[in-house]
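Undergrad: One structure, pasted below without further comment.
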Amino acid sequence: MPRIREHPILDFKWSERKKIKFTFDSEEIIGYDGDTIASALYASGKRVIRRSFKYHRPRGLFCGIGQCSSCLVKVNGIPNQKACVTPIEEGMVVESQGSIPSAERDLLSLLDALELKHGIQYEKFLGPKFLRPLYFKLFNFVLGSGNVKEEVPKVKFSEGYYPEKEVDVLVIGGGPAGICAAKASAECGARTLLVEERDRIGGELLKQTHKFFGSRRYYSGMRGFRIADVLSKELEKSGAEVMVNTLAIGYLDGKIGVCRDEREFSLVKPKCIVVSTGATERTLMFENNDLPGVMGAGGVQTLMHLYGVKPGEEALIVGSGNVGLILAYQLLQAGVEVKAVIEILPKIGGYFVHAAKIRRMGVEILTSHTIKRAVGRKEVEGAEIVKVDENLREIEGSERFIECDLICLAVGMSPNIEILRQMGCEVVYIPELGGFVAKHDENMETSRAGVFVAGDSSGIEEATTAMIEGEIAGISAALKSGKGRKEHEERREKLKMLLEEMRDNPFGERVVIGKKKMWGA
Amino acid sequence: MEREANVLIIGGGVSGTGLAYNLAKLGVEGIVLLERNYLGSGASGRCGGGARQQWTTEENVKFMKKSIEILERLPQELKFNILFRQSGYLFLARDEEQLNLLKENVRLHRKLGVETRFLDAEEAREIVPVLNTEGILGATYNPKDGVLFPFALVWGYAKAAKRLGAKIYLHTEARGFKIENGRIKSVFTDKGEIKVKEWVVNAAGAYSKELARKAGVELPNKPYRHEIMVTEPLKLFIKPMVVDLSNGLYMTQTSRGEVIGGIGDPEEESSYNLESGHKFLYLFSRAAIRVIPILKEIRLMRQWAGLYDTTPDKNPILGPVDEVENFLQINGYSGHGLMMAPYATQLLAELIAYGKPSESIERFSIRRFREGEIKAEKAVIG
């Protein structure tokens, strides 16, 4: 798959970038400085990155941001590394795990052909007793994800207990909501720390190439990745501390455990916490939905816009919300032919302007259609789509084959609320907000005093409202921690009104209904 | 839902489901089991899955020998694979005292027909090649010990019990008892009242104490949080359950490949707290990496807590109580429920079905503590 060499907005400056060589299953791969293992593999036409845990089905890139386990590989002898977020280095040895001899040609994929029943390990291999050790050898041969090195390394423990840092406000997640929360909190005079799992802040903004609508105060007319730059600079000025490559692993006896570079573990003891952990892309149930080439819309954007990889030649998009429609446009800009956008509902989900734009460029939008199966042996070679009736049931005989090598799922997201749940915040199910969310009030405070939410983790919406929510949550957290003045309170009231204004349109209505439901729940 | 039961079991862990199965197998009818959450949602589903014969007292070694024999035949009997992998328990000693304890154990075990072997550090490394032998003075190994998948044991028992006619109700909580003339007449649940003809069994694990109190029975059990973790799944490199006697660390790998392990915290106070703590991470990671250094490169995936239902002498309570005529106890395992339940539930089922178990369970009677308390009081007065 070639690199994106011509793009109306982005310039990847290939000629200036250093080439880096590494091996994957003994084969030499050449990537560029800035590539991750997965982006370099994908760009070299390697789509099968691992085999599935049990049945050795081919698996490739799905989310592209380290949230799923679809692309685990062994790197320099260390197993289970996420190929999509591990930067390449010269001479790196990358191996697929558990496949014989390689991910591409795995003899154990025979197990998949047997179409074994789910949960077969509980029903078979019962006896006789003398054969059981053999069964376990067999399980071990088939299952699992890689081996550890057998050498015994020397270990030196650091002295004393885990280091601990006290702050007024801890913000978890450095997307648009988190950045704005940290900035607002720091501007109130609160000692603020922002932790971000990835190597830079910006979150989803980093891969948004389109110009934003909405409020001028929130950078309307600016492209997403530019907004990320501007916000980062503003955050720096605000005095908030930022730790990147730092994962908040959990709420542990009143403190948040954070792990930097997967090595240094420390504790943060905050007075207040803002959780802005974003959302995870959903997948859809259909045959072969795990085939390499079936990808989340966000994963496709990541490949194109962060790594300059053309994700396919011919794409099918499932879902006609704004994400699906914008993605169609972005794929066209990257030189990918978009075969169709399909939508299960009878009407298009996203903004009319986006739909009109891609239609003008010749993309067909098929409403009342869904995907029945992905077709292909080791990677997507096509998709079978089908019409649905008013009850969303498939209409027999209306199946149609679309030839494509990329299937993009733009079917919504679910809020990341794990850490909120762990903190004991009350969680309610609100479909309008994307599923399970932590119940929160207008100041973004959850049922647990001092714990706030903002952005997609408080309910799926879009970047501008995430930024406003972030500011509200940041101010609220700072005030609760004893910092901030009257003027900050006033600013928060204004922000609440602005948020209401932003949602005063047919697309914001859904969120308004959702939030009302949540308050009543 | 059934409104009447001959035997009503409260608790859907390994004790409750194991008892339901053993009763049904003996032909007892009218078995009803209530679980307020889901099967194995208490300590059964939160434990490490180990089962061993390597104990320090003759009674317990014999007891566990029986239990292991049962576990060996359960997959075929239940028609459900509990994934019992008999790859042994490896106990490590780091000082003379621990070493002597292990040596004594070997003598005791051999006498009782349990084939525990004494090993030096190098021999221990043959069993676990990634072992760091530094500071290890000796070890014992018994190849018949092993690990199983705890949920599978509970599911297997429950499925087989249901096949034989037992009724199991999930998300159904026992909230109180109607007691007349020292007998439980019925149990109140959040879904209505169930009349009891014969026995009520308290198999509520760490919550047994609260439940017993509702029937006016005071148990000496205390709940203690014990934490545990799993790593990412990997090919098997720690086959046995490795136990470090110097700090109570235990770890092995599941059949799926996750390293699973925990460590006790002697400073933990009794509570129903099930939250995760950072102190566990500290204690466990240091202890585990000291034994198997390669673990430092492996990710911890999940950490959780379960409750030990601990009695003063760390042995379970089995059998009737004095205050209520038809109220049986099967609890207080003090962290060993999963491995003891296969035999304990068989004996209790025999008591219910035949009026007398095939082996006396008198030593597990709650009376032992009451007599003990009297002695203690005398000592205070004296």
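Undergrad: Which ones in region A:91-125 are open to solvent by less than 30 Å² (accessible area, probe 1.4 Å) and within 30 Å of B:GLU69 (Cα to Cα)?
TA: A:GLY119
Undergrad: State whether one or more residues within region A:180-198 are within 14 Å of chain B (Cβ to nearest Cβ), surrounded by fewer than 24 Cβ atoms within 10 Å (Cβ to Cβ) and of a type in the set (Lys, Arg).
TA: The answer is no; no qualifying residue exists.
Undergrad: Taking the residues in region A:86-102 that are aliphatic (A, V, I, L, M) and modelled with pLDDT of 95 or more as candidates, determine which candidate is nearest to A:THR280 (Cα to Cα).
TA: A:ILE88
Undergrad: Within region B:152-169, restricting attention to residues that are open to solvent by 70 Å² or more (accessible area, probe 1.4 Å) and more than 13 Å from chain A (Cβ to nearest Cβ), which residue is farthest from B:THR116 (Cα to Cα)?
TA: B:LYS167
Undergrad: Go through region A:448-465 and give me each residue that's in a helix (DSSP H, G or I) and open to solvent by less than 10 Å² (accessible area, probe 1.4 Å).
TA: A:GLY455, A:SER457, A:SER458, A:THR464, A:THR465
Undergrad: State all residues of region B:138-151 that are within 11 Å of another protein chain (Cβ to nearest Cβ) and either crowded, with 22+ Cβ neighbours inside 10 Å or at pLDDT below 95 (or both); if no residue qualifies, say none.
TA: Scanning region B:138-151 gives B:GLY146, B:VAL147.
Undergrad: Could you grab me the full set of residues in region B:90-106 that are in contact with a Phe, Trp or Tyr (Cβ under 7 Å, 6 or more places away or on another chain), open to solvent by less than 60 Å² (accessible area, probe 1.4 Å) and either farther than 10 Å from B:ALA139 by Cα or without any contact (Cβ under 8 Å) to a residue 40 or more places away in the chain (or both)?
TA: Answer for region B:90-106, where residues must be in contact with a Phe, Trp or Tyr (Cβ under 7 Å, 6 or more places away or on another chain), open to solvent by less than 60 Å² (accessible area, probe 1.4 Å) and either farther than 10 Å from B:ALA139 by Cα or without any contact (Cβ under 8 Å) to a residue 40 or more places away in the chain (or both): just B:VAL106.
Undergrad: When the residues of region B:51-85 are filtered to those that are without any contact (Cβ under 8 Å) to a residue 24 or more places away in the chain and of a type in the set (Asp, Glu), which remaining residue is least open to solvent (accessible area, probe 1.4 Å)?
TA: B:GLU72
Undergrad: So, one more: May I ask you to list the residues in region B:42-68 that are under 22 Å from B:LYS222 (Cβ atoms), part of a loop (DSSP other than H, G, I, E, B) and of a type outside the set (Val, Ile, Thr)?
TA: B:GLY42, B:CYS47, B:GLY48, B:TRP55
Undergrad: Same structure, new question: Just one of the numbered conditions (1) more than 24 Å from B:GLY264 (Cα to Cα); (2) more than 11 Å from chain A (Cβ to nearest Cβ) is not true of B:GLU69; which one?
TA: (2)
Undergrad: If you don't mind, another one. Which of (1) of a type outside the set (Phe, Trp, Tyr); (2) in contact with a Cys (Cβ under 8 Å, 6 or more places away or on another chain); (3) under 24 Å from A:VAL453 (Cα atoms) is the odd one out, the single condition A:ILE317 does not satisfy?
TA: Against the list (1) of a type outside the set (Phe, Trp, Tyr); (2) in contact with a Cys (Cβ under 8 Å, 6 or more places away or on another chain); (3) under 24 Å from A:VAL453 (Cα atoms), A:ILE317 comes up short only on (3).
Undergrad: Answer yes or no as to whether B:ARG125 is more than 14 Å from every other protein chain (Cβ to nearest Cβ) and free of Cβ contacts under 8 Å to residues at least 40 places away in the same chain.
TA: When the stated conditions are applied, B:ARG125 does not pass them.
Undergrad: Are any residues in region A:343-359 within 20 Å of A:GLU313 (Cα to Cα) and out of contact with any helix residue (DSSP H, G or I) (no Cβ under 9 Å at 6 or more places or on another chain), and if so, which ones?
TA: A:ARG359
Undergrad: I need the full set of residues from region B:237-246 which are within 14 Å of another protein chain (Cβ to nearest Cβ) and surrounded by fewer than 22 Cβ atoms within 10 Å (Cβ to Cβ), in order please.
TA: Once the filter is applied, which keeps residues that are within 14 Å of another protein chain (Cβ to nearest Cβ) and surrounded by fewer than 22 Cβ atoms within 10 Å (Cβ to Cβ), region B:237-246 yields B:PHE237, B:LYS239.
Undergrad: Listed residues A:ARG263, A:ARG216; which is free of Cβ contacts under 8 Å to residues at least 12 places away in the same chain, within 14 Å of another protein chain (Cβ to nearest Cβ) and either farther than 30 Å from A:ILE317 by Cβ or not charged (D, E, K, R) (or both)?
TA: Of A:ARG263, A:ARG216, the one residue that is free of Cβ contacts under 8 Å to residues at least 12 places away in the same chain, within 14 Å of another protein chain (Cβ to nearest Cβ) and either farther than 30 Å from A:ILE317 by Cβ or not charged (D, E, K, R) (or both) is A:ARG263.
Undergrad: Could you please find all residues in region A:235-260 being out of contact with any helix residue (DSSP H, G or I) (no Cβ under 9 Å at 6 or more places or on another chain) and away from every other protein chain (no Cβ under 13 Å)?
TA: A:GLU236, A:MET243, A:VAL244, A:ASN245, A:THR246, A:ARG260
Undergrad: Check region A:471-493 and report whether any residue there is in a loop (DSSP other than H, G, I, E, B), open to solvent by 30 Å² or more (accessible area, probe 1.4 Å) and of a type in the set (S, T, N, Q).
TA: For region A:471-493, residues in a loop (DSSP other than H, G, I, E, B), open to solvent by 30 Å² or more (accessible area, probe 1.4 Å) and of a type in the set (S, T, N, Q): absent.
Undergrad: Let me ask something else. Residue under question is A:PRO58, and the condition is that it be at negative phi, open to solvent by less than 40 Å² (accessible area, probe 1.4 Å) and out of contact with any helix residue (DSSP H, G or I) (no Cβ under 8 Å at 6 or more places or on another chain); does it hold?
TA: Here the answer is no, as A:PRO58 does not meet what is asked.
Undergrad: Hey, another quick one. Would you tally the residues in region B:134-165 being of a type in the set (Ser, Thr, Tyr) and either outside any helix (DSSP H, G or I) or touching a Cys at 6+ places or on another chain (Cβ under 6 Å) (or both)?
TA: Final tally of qualifying residues: 2.
Undergrad: Additional query: Within region B:186-234, which residues are under 30 Å from B:ILE292 (Cα atoms) and open to solvent by 30 Å² or more (accessible area, probe 1.4 Å)?
TA: B:TYR224, B:HIS226
Undergrad: Would you mind finding the one in B:LEU39, B:LEU131 that is open to solvent by less than 10 Å² (accessible area, probe 1.4 Å), assigned to a loop (DSSP other than H, G, I, E, B) and within 14 Å of another protein chain (Cβ to nearest Cβ)?
TA: It is B:LEU131.
Undergrad: Next question, about the same structure. Could you check A:LYS154 against (1) open to solvent by less than 20 Å² (accessible area, probe 1.4 Å); (2) part of a loop (DSSP other than H, G, I, E, B); (3) within 14 Å of another protein chain (Cβ to nearest Cβ) and say which number it fails?
TA: Failing condition for A:LYS154: (1).
Undergrad: Do you know which residues across region B:280-332 are at negative phi, open to solvent by 50 Å² or more (accessible area, probe 1.4 Å) and more than 14 Å from chain A (Cβ to nearest Cβ)?
TA: B:TYR308, B:PRO312, B:ASP313, B:PRO320, B:ASP322, B:GLU323, B:GLU325
Undergrad: What's the number of the condition A:ALA228 fails, among (1) part of a strand (DSSP E or B); (2) in contact with a Leu (Cβ under 6 Å, 6 or more places away or on another chain)?
TA: (1)
Undergrad: Restricting attention to helices (runs of 4 or more DSSP H) lying wholly within region A:55-150, give those where 3 or more residues are more than 13 Å from chain B (Cβ to nearest Cβ).
TA: A:110-113
Undergrad: In the list B:GLY261, B:GLY257, B:GLY277, which residue meets the criterion of being open to solvent by less than 20 Å² (accessible area, probe 1.4 Å), within 10 Å of another protein chain (Cβ to nearest Cβ) and within 30 Å of B:LYS209 (Cα to Cα)?
TA: Within the list B:GLY261, B:GLY257, B:GLY277, the selection yields B:GLY277.
The values are calculated or read from the model by the stated rules, or taken from the named source; none is laboratory data. Since the structure is predicted, the reported quantities are computational estimates derived from the model, not experimental observations. In this analysis, Cβ positions are derived from the backbone assuming ideal geometry, glycine residues included, and neighbour counts consider all displayed protein chains. Remember, those area values only see protein heavy atoms, side chains included, never the ligands or the DNA or RNA. Shrake-Rupley method; radii C 1.70, N 1.55, O 1.52, S 1.80 Å.
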